[in-house]
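Okay, so here's the structure we're looking at.
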Amino acid sequence: MRNDVVLPSGGGNAVPSAGAAASHTTAGGVDVHHDGQTRDAVVNLLVEDGPLTAGEIGERLGISAAGVRRHLDALTSAGDIEVASTGFGQRGRGRPAKWFQLTPEGRGKMRHAYDDLAGAAMRKLRDLGGHEAVADFARERVERIVADVSPSTDPVTVSDTVEEIADALTSAGYATNTRQVGNGMQICQHHCPVAHVATEFPELCEAETAVFTELLGTHVQRLATIANGDCACTTHVPIHPPPESAESPPPDTSQTLPTTTRKATR
């Protein structure tokens, strides 16, 4: 996954003390520091690619099924993760696997230190210039992120522009990937550096949707946002098939009418 995001799974204080980095073992023989690192890795995976099954997490981190269950149980008990809604990711017959995702509380523990400052600055901007000033700022911010993205010129190039948007977002810290869904594509932002601010200022999300629509030349639909408590910001992009070639018009059925019918219409 592009743009690895290193985020703590513990409390809101993101910077540990120098002594906290030292590994120590409990009476039961558990390496607390190593466990903390592994749980951070689990959280990182769920930030970037979640929801995921226990099997997928174990495979990516190279740990046993028992080890995965222990870490998932601990993160669940801490309120950091939860099982995704019933039916998510169900494939074929048989007992459906459990898909794990971050809870809003777990995502809140990854809060950036500058969130309070950013929120205060946005509130001051709104006081001075009103909604329009906030909306203008939000749009300019998104435009800077996707400044190097080539706008789509026809239905054939839409998917290329979608991938360029995803790359630009990932470079800006959004841990973004894309996926094919039916006759369209989805842009999935698994992390949002401004999620806590966007909760109060939806103009940030609205500006993204508007700019994506203009770059892609097609109406896009925002299905979910981290700011609203979802596990990812998901934008659906319809991919319209190219029109039928003018060289193969539909057959002229008037020339196939029975002779008797032609005579009857004279």
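Largest first, what is the accessible-area ranking of Lys109, Lys124 with a 1.4 Å probe?
Descending order: Lys124, Lys109.
Tell me, what is the per residue accessible area of the stretch 139-190 in Å², probe radius 1.4 Å?
On the way: 2440 Å² over 52 residues.
Ligands and nucleic acids excluded, the figure is 47 Å² per residue.
Roll a 1.4 angstrom probe over the protein heavy atoms and tell me the percent of accessible area of the stretch 111-238 that is carbon or sulfur.
52
Given labels modelled 7 Å from the Cα in the Cβ direction, how far is it in nm from Asp230 to Lys124?
3.3
Give the Rg (one decimal place) followed by the Dmax (whole number) of the stretch 96-218, computed from C-alpha coordinates and expressed in Å.
16.1, 53
The values are calculated or read from the model by the stated rules, or taken from the named source; none is laboratory data. Computed from a predicted structure; not experimentally measured. Here Cβ is always computed from backbone atoms with ideal geometry, including for glycine, and neighbour counts include all displayed protein chains. Note: accessible area is taken over every heavy atom of the protein model, side chains too, but ligands, DNA and RNA are not part of it. Shrake-Rupley method; radii C 1.70, N 1.55, O 1.52, S 1.80 Å.
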